[in-house]
Amino acid sequence: MSRVVYSDQTASAEQEALRARHQLRLVSGAEEGLGVDALPGGVYGFTYSPGLINSPLFAVRRFRCYETHKLASGETFLVGFATAEAAAQLETADEATVLIQPQPDDDANVLVRLPYSRIRRHRGYAAPNEHGFQVTVG
């Protein structure tokens, strides 16, 4: 039986710039696996459970993992990629349902930051098994 191995994923230049702008550091080894709600401000990490207030964060980005930022203020964001149309909806619509990808995709190549405070509904599933994270924001 063969075994599937996924290589580590790399960050885009936009993601690196966003981390620097917010003065974030990667979660430490001692913090790995803690929920984002239990972590101090000023950190980022990766999760297979996007949108959950207690998403466990890890230091290594793996296949279909979502980047999560917790600012020094305590505000938490999901960082991903969406189509230009979905990104515009996130910026302008009072309510919208959009699909966010963990990495740039053919059509979903616009970096988006989704504040957890805007999440109204999402499908609760393990991200590695799905193509994108469908979320309704308000």
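Scanning segment 86-120 for residues that are free of Cβ contacts under 8 Å to residues at least 12 places away in the same chain and among the charged types (D, E, K, R) gives 91, 106.
Listed here are the residues, each with its yes/no results for (1) within 20 Å of residue 136 (Cβ to Cβ); (2) among the aromatic types (Phe, Trp, Tyr).
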position	(1), (2)
11	no, no
24	no, no
45	no, no
49	yes, no
60	no, no
63	no, yes
69	no, no
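Just checking, how many residues over segment 43-66 are modelled with pLDDT under 95 and closer than 14 Å to residue 22 by Cα? Residues flagged as modelled with pLDDT under 95 and closer than 14 Å to residue 22 by Cα within segment 43-66 amount to 0. Out of 86, 11, 82, 96, one residue alone is more than 16 Å from the chain's Cα centre (by Cα) and among the small types (Gly, Ala, Ser). It is 96.
The values are calculated or read from the model by the stated rules, or taken from the named source; none is laboratory data. Please read these numbers as outputs of a predicted model, since none were measured by experiment. No Cβ is skipped: glycine too gets one built from the backbone with ideal geometry, and neighbour counts run over all protein chains shown.
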